[in-house]
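*Asks:* Dropping the structure in here first, questions after.
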Amino acid sequence: MMDKILEALITSAHPLPVKKGIVKKVVDAAENSVDREQCKAMFDLTTRLILIGEDSFQKQVGHQVLDAYARYHRCEFEEFFNKGFILNLLQQGYGSLDKKDIAIIDYIHMGLKLIMSCPSVLEIFGFMHTEVLRLVCERPEPLLCARLSELLSDFVHCIPRGKSAVLFCQQLVRTISQFQCNATQEEEIRGFISQVNKVSNLLQSIWKAEPGALLPSLQEVFVIISATDSIFEPSIALASLVQHIPLQMITVLIRSLITDQNVKDASMTCALCRMIDWLSWPLAQHVETWVIALLKGLASVQKFTILIDVTLLKIEQVFHRLWYPIVRPGALAVLSHMLLSFQHSPEAFHLIVPHIIKLVQFLKDEASPTSKIFLMQLTELVHCMMYQYSGFPDLYEPIIEAIKDLPKPSEEKMKLTLNQSAWTSHSNSLASCLSRLSGKSETGKTGLINLGNTCYMNSVIQALFMATDFRRSVLSLNLNGSRSLMRKLQLLFAFLAHTQRAAYAPQSFFEESRPPWFTPGSQQDCSEYLRFLLDRLHEEEKTCRILHENSPHSSSTPDCSSREHPEETPSLTESTLPRVDEGKTLIEKMFGGKLQTTIRCLNCKSTSQKQEAFTDLSLAFPPCLEDVIEGGSTQLLSPADYESTMPPCCTGVVSDALRIEPPVIHGLQVEEIGHGSEPGDEMLQKFPLQPINSVNSCSLPMPSDKLVTVHSNKSIERSNKTKSVPNLINYFLAPEILNGENKYYCEKCASLQNAQKVMQVVDEPEYLILTLLRFSYDSKSHIRRKILDDVALPLVLQLPVEKTPPKSPAISQSLLSDSPENLPKKLKPSGSVDSSNPQPVSYLLSSIVVHSGMSSESGHYYCYARNTSSGSVGQLCYQTDLAGLSSTQGCATDNDDSNTSVVWHDPNCKEASKEWFLFNDSRVTFTSFQSVQNITSRFPKDTAYVLFYRKQGANCGVYPSAINGLWVNGEPPLQKELMDAITKDNKLYLQEQELNARTRALQASSTTCSFRPRGFDDSDPPGSCGPSGGGGGGGFNTISRLVF
């Protein structure tokens, strides 16, 4: 009867307060005695109201009345809430209510609470084991699964036990993997997260109660996330499980994964990608720890292909997680590891570069303490990456500007961070037996593999590469699709700058650049190779320009190095080249200078001039006095006999040095001012460099015993002091008297006359290349011998340059069109030479190619070098003002102990550490300028052979000294084609290590090796290949002829 009254009341139109009052009386009446039928009717009514009530009021009434009647009439409720009733709810639903409706689970949860103390509850627990497993296998929605988890958490006896518990956990993991959240409102998202956490908490409680279920559950997780053919993407809700996995299991689990032969690379890649996706899960703890552990584990077994693919695929996604504070710490940890370990290519870093500035500004605007700390960590990471992949100013300048107010880590800290983070630095117990991958040396420079006596090429290439402005110019050229030698040089430079290999094999470049007369595998002259290489690059560009000019309507650019010249690219705009004449090739711009030869008739005083272009100056050594006396008569000569002489070459670190051999000029073309031009060889035939009478090196009166002039040489010096490069240059530029058989035919006098020949540098090169002619022919023994005299190498050199006004293009064109046989007639008298004061041009030592050995047919070449550019002079200070050196104060006379020296800005006036490098084929090490200076004194067979000097002074470089005031000496960004080639090779290198890892492990246990050949000791010079290194000694003549 009471159920009818209650049902009529809640469906009536009475006001809600009236209804609530009557309901309260019904609830209070539950204490009264009620027969069994009446109780069952009330339970049926309240169950119907709870499950299918029309509104919340009806559901609320159902809960209140059921709770009251079940408490006071427990036996009747136990009889009503039986196994059959519950099974029917779980399997059939209730009326129109589906069996998967959460109302059914909530109703059962409520019913279990009401009969908890009843004996029949044990029977219910028994069949609930099967029902909850069945329900989970049906993949319930997150809300239903969460309600079920609440029920099982409250009634743990409903959870399956033993093997069923393992199966239940695996199925629950499967269910979580299918959770999807399509909500867009924050409240809905929070609800979804809460639901997932309830399910994961249930799993945690089961794992604690049933430890044997943990590993199968994790295996199920891996099976899900590693599936490559799944029809759905596993939910990131799986991330909620990670926080419940004991951290102590990381090592064991990761090792089992990376060593399992059944796990394919594709499956591991999928698993790792999906784990990275988990970083998006809010409040998930330790996800980043597991991700980084797996990344390191894969690196330890050299699974580099997986690491590369995953990094490139997921790096941007990880970066975008940094916008959300709730997942920011974990995302930054993973991002840092991925970027710092991805050191074979800038590709990964450059994927996130476009997004950095916006994030930095966002973090600055947040202005919270945590965001400030995070911003400093991000800035440090960005600095490390820009340091690792320098040479992209167009990408990095805006970033530098955005983070300029934030602390920048020291270079040492960045190097340490990068070294510790590289894939090759990770190891575990499995990989400990594997040999460490051969990475670059601590210098960060790349060596060149000797391809078989190719040290002559390797040393020259390294010297050119370390010529900073030349390297940048080459890398700035747009040569995509070209097959020219310049393209191959550009590719070689790009590899030297960016490869991950310790040493690179320049096979392709060697085959293309080897002079035809060079026999492969034989010792060759590095200076001869250098000249051929520069000539080839120069002529190649000139030829391609002509071809391009003759086909103006061609849609494609010629296949040559001038395909798109630097001044046509953003890196080398016309505004940055104010001193470069149009039409010059890159070789002319960098290494081209001009010598002017003036011949003055001593009878009529008329003069003739011509100019010769050069890329290097070959400096001969003056003979010693004893050799001259044996050769013939001598004559003292006063400097006053000459009215026009060049001021001496001055130096910042002064010493003396002299050598033998006539001076040789390597020319690209010959120009004559006022009279015409002719090839250099013909000019030397007409006016050979023969008996030279000379003034002293400083154009000052000197004691007669210091200068001796002979018919076969220039000035002779009695002193046995150590010689210097300035002495050789002064000797090279010293005036020469043409007399005897070498008289000059003067057209004004119309007869052969004694004449004076003077050479002057009129156009200085950006890079001054000096070759010391150390190999001479001994007429007595009829063999070529090496001059082993020590030559002091000045750090700063001042070259006297005679500035001349530019010649008329029209005149030049007419002269060049003349035939060679008419050229001698062009040398007509033109009056006296206009007097002008030469200007000293400062040069800074850049590279030294050293020859180790006793002859030109044997030995070894290696190279000392450092980075220099137009701004490098700012690193130096002088105790004596070099710019103010006059001919009477600053020149290096034989009896002058110069007090001019070079010091660093360091308070102790010490040389900057780790500025000089020693390139010895594959090996690159740090060295010092002191070692450079002392090389010959320590190892007599090791002598400086080819020197590179970089011109100093404002606006003397091809590149600007700063870009927008932010970047100084920045490297040009690599073009895509070059970067793709380097990235491909770096990947190949990592894959080679990966494929051969186990082979190396076996070899490492059975063999030992050393980079030093047998017999090598610390006293051997850098260029040596053992005790007889350098060749020409110890009786091992056959072996010593090889170049190692």
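*Asks:* Does segment 291-308 contain any residue that is of a type outside the set (A, V, I, L, M), open to solvent by 10 Å² or more (accessible area, probe 1.4 Å) and within 27 Å of VAL360 (Cα to Cα)?
*Replies:* No, that holds for no residue.
*Asks:* Go through segment 928-943 residue by residue and tally those that are open to solvent by 50 Å² or more (accessible area, probe 1.4 Å), closer than 18 Å to LEU772 by Cα and part of a helix (DSSP H, G or I).
*Replies:* Of all residues in segment 928-943, those open to solvent by 50 Å² or more (accessible area, probe 1.4 Å) come to 930, 933-934, 937-938, 940-941.
Now narrow it down to the ones that are closer than 18 Å to LEU772 by Cα: 933-934, 937, 940-941.
Going one step further and asking which of them are part of a helix (DSSP H, G or I), we end up with 933-934, 937.
Of the residues in that region, 3 qualify.
*Asks:* Starting from segment 294-309, keep only residues that are over 12 Å from ALA422 (Cα atoms), then list their pairs with residues that are among the β-branched types (Val, Ile, Thr) and open to solvent by less than 10 Å² (accessible area, probe 1.4 Å) whose Cβ atoms are within a distance under 9 Å, requiring at least 6 positions of separation or different chains.
*Replies:* That search, which allows pairs on different chains as well, returns LEU298/ILE306; LEU298/VAL310.
*Asks:* So, one more: Look at LEU49 and say whether it is in a helix (DSSP H, G or I) and within 22 Å of VAL136 (Cα to Cα).
*Replies:* Numbers: in a helix (DSSP H, G or I): yes; within 22 Å of VAL136 (Cα to Cα): no.
Taking the combined requirement at face value, the residue does not satisfy it.
*Asks:* Residues ASP44, ASP3: which one is among the charged types (D, E, K, R), in contact with a helix residue (DSSP H, G or I) (Cβ under 8 Å, 6 or more places away or on another chain) and modelled with pLDDT under 85?
*Replies:* ASP3
*Asks:* Mind counting the residues in segment 354-365 that are open to solvent by 10 Å² or more (accessible area, probe 1.4 Å) and either small (Gly, Ala, Ser) or touching a residue at least 12 places away in the same chain (Cβ under 8 Å) (or both)?
*Replies:* Total meeting the criteria: 4.
*Asks:* Would you point out the residue of segment 527-563, among those that are basic (Lys, Arg) and modelled with pLDDT under 90, that is surrounded by the fewest Cβ atoms within 10 Å (Cβ to Cβ)?
*Replies:* As a first pass, look at segment 527-563 and keep what is basic (Lys, Arg): 531, 536, 542, 545, 563.
Narrowing further to those that are modelled with pLDDT under 90: 542, 545, 563.
Details: LYS542: 20, ARG545: 17, ARG563: 22.
Only one residue fits best here, namely ARG545.
*Asks:* Name the pairs: first residue in segment 366-380 and of a type in the set (A, V, I, L, M, F, W, C), second residue open to solvent by less than 10 Å² (accessible area, probe 1.4 Å), Cβ to Cβ under 6 Å, at least 6 apart or on different chains?
*Replies:* Cβ pairs passing all conditions: LEU375/LEU363.
*Asks:* Is it the case, given these coordinates, that GLU220 is within 19 Å of ARG161 (Cα to Cα) and either within 37 Å of the chain's Cα centre (by Cα) or charged (D, E, K, R) (or both)?
*Replies:* yes
*Asks:* Restricting attention to segment 47-60, report how many residues are touching a helix residue (DSSP H, G or I) at 6+ places or on another chain (Cβ under 7 Å) and loosely packed, with under 15 Cβ neighbours inside 10 Å.
*Replies:* 0
*Asks:* With the checklist (1) open to solvent by 10 Å² or more (accessible area, probe 1.4 Å); (2) touching a residue at least 24 places away in the same chain (Cβ under 8 Å) in hand, flag the one item LEU203 doesn't pass.
*Replies:* With (1) open to solvent by 10 Å² or more (accessible area, probe 1.4 Å); (2) touching a residue at least 24 places away in the same chain (Cβ under 8 Å) applied to LEU203, the lone miss is (1).
Residue-wise test of (1) aliphatic (A, V, I, L, M); (2) surrounded by fewer than 18 Cβ atoms within 10 Å (Cβ to Cβ).
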residue	(1), (2)
PHE81	no, no
ILE86	yes, no
GLY95	no, yes
LYS100	no, yes
ILE104	yes, no
THR130	no, yes
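*Asks:* Go through segment 83-100 and give me each residue that's under 21 Å from ASP67 (Cα atoms) and outside any helix (DSSP H, G or I).
*Replies:* TYR94 - this is the single residue of segment 83-100 that is under 21 Å from ASP67 (Cα atoms) and outside any helix (DSSP H, G or I).
*Asks:* Also, quick follow-up: What is the number of the single condition among (1) open to solvent by less than 50 Å² (accessible area, probe 1.4 Å); (2) within 23 Å of SER33 (Cβ to Cβ) that VAL121 does not meet?
*Replies:* (2)
*Asks:* Given the structure, is CYS169 among the hydrophobic types (A, V, I, L, M, F, W, C) and at pLDDT below 90?
*Replies:* Criteria not met by CYS169.
*Asks:* Look at segment 726-752 and say how many of its residues are under 15 Å from ASN603 (Cα atoms) and surrounded by fewer than 19 Cβ atoms within 10 Å (Cβ to Cβ).
*Replies:* 10
*Asks:* Also, I was wondering about something else. Can you name the helices (runs of 4 or more DSSP H) wholly within segment 446-526 that have at least 3 residues being in contact (Cβ under 8 Å) with a residue 12 or more places away in the chain and open to solvent by less than 10 Å² (accessible area, probe 1.4 Å)?
*Replies:* 455-465, 468-476, 485-498
*Asks:* Checking the structure you have, find out if any residue of segment 143-152 is open to solvent by 40 Å² or more (accessible area, probe 1.4 Å), closer than 16 Å to PHE85 by Cα, in contact with a Lys or Arg (Cβ under 7 Å, 6 or more places away or on another chain) and not β-branched (Val, Ile, Thr).
*Replies:* For segment 143-152, residues open to solvent by 40 Å² or more (accessible area, probe 1.4 Å), closer than 16 Å to PHE85 by Cα, in contact with a Lys or Arg (Cβ under 7 Å, 6 or more places away or on another chain) and not β-branched (Val, Ile, Thr): absent.
*Asks:* While we're here: Kindly evaluate SER345 against the criterion of being within 26 Å of PHE493 (Cα to Cα) and not aromatic (Phe, Trp, Tyr).
*Replies:* yes
*Asks:* Could you please give the count of residues in segment 111-123 that are within 21 Å of ASP98 (Cα to Cα) and either modelled with pLDDT under 90 or within 60 Å of the chain's Cα centre (by Cα) (or both)?
*Replies:* Going residue by residue through segment 111-123, those that are within 21 Å of ASP98 (Cα to Cα) are 111-112.
Then drop every residue that is not either modelled with pLDDT under 90 or within 60 Å of the chain's Cα centre (by Cα) (or both), which leaves none.
Qualifying residue count, segment 111-123: 0.
*Asks:* If you don't mind, another one. In a helix (DSSP H, G or I) and either surrounded by fewer than 13 Cβ atoms within 10 Å (Cβ to Cβ) or of a type in the set (Lys, Arg) (or both), is that true of ILE373?
*Replies:* Yes.
*Asks:* What are the pairs, 6+ residues apart or on separate chains, where a residue within segment 530-542 that is farther than 15 Å from LYS488 by Cα has its Cβ under 6 Å from a residue that is in a helix (DSSP H, G or I)?
*Replies:* LEU530/VAL460
*Asks:* LEU437 passes all but one of (1) open to solvent by less than 20 Å² (accessible area, probe 1.4 Å); (2) at pLDDT 75 or above; (3) in a loop (DSSP other than H, G, I, E, B); which number fails?
*Replies:* (2)
The values are calculated or read from the model by the stated rules, or taken from the named source; none is laboratory data. No experiment lies behind these values; they were computed from the predicted model shown. FYI the Cβ positions are ideal-geometry reconstructions off the backbone, even for glycines, and counts take in every protein chain you see. To get the accessible areas, we keep the full protein, side chains included, count just its heavy atoms, and leave off ligands, DNA and RNA. Shrake-Rupley method; radii C 1.70, N 1.55, O 1.52, S 1.80 Å.
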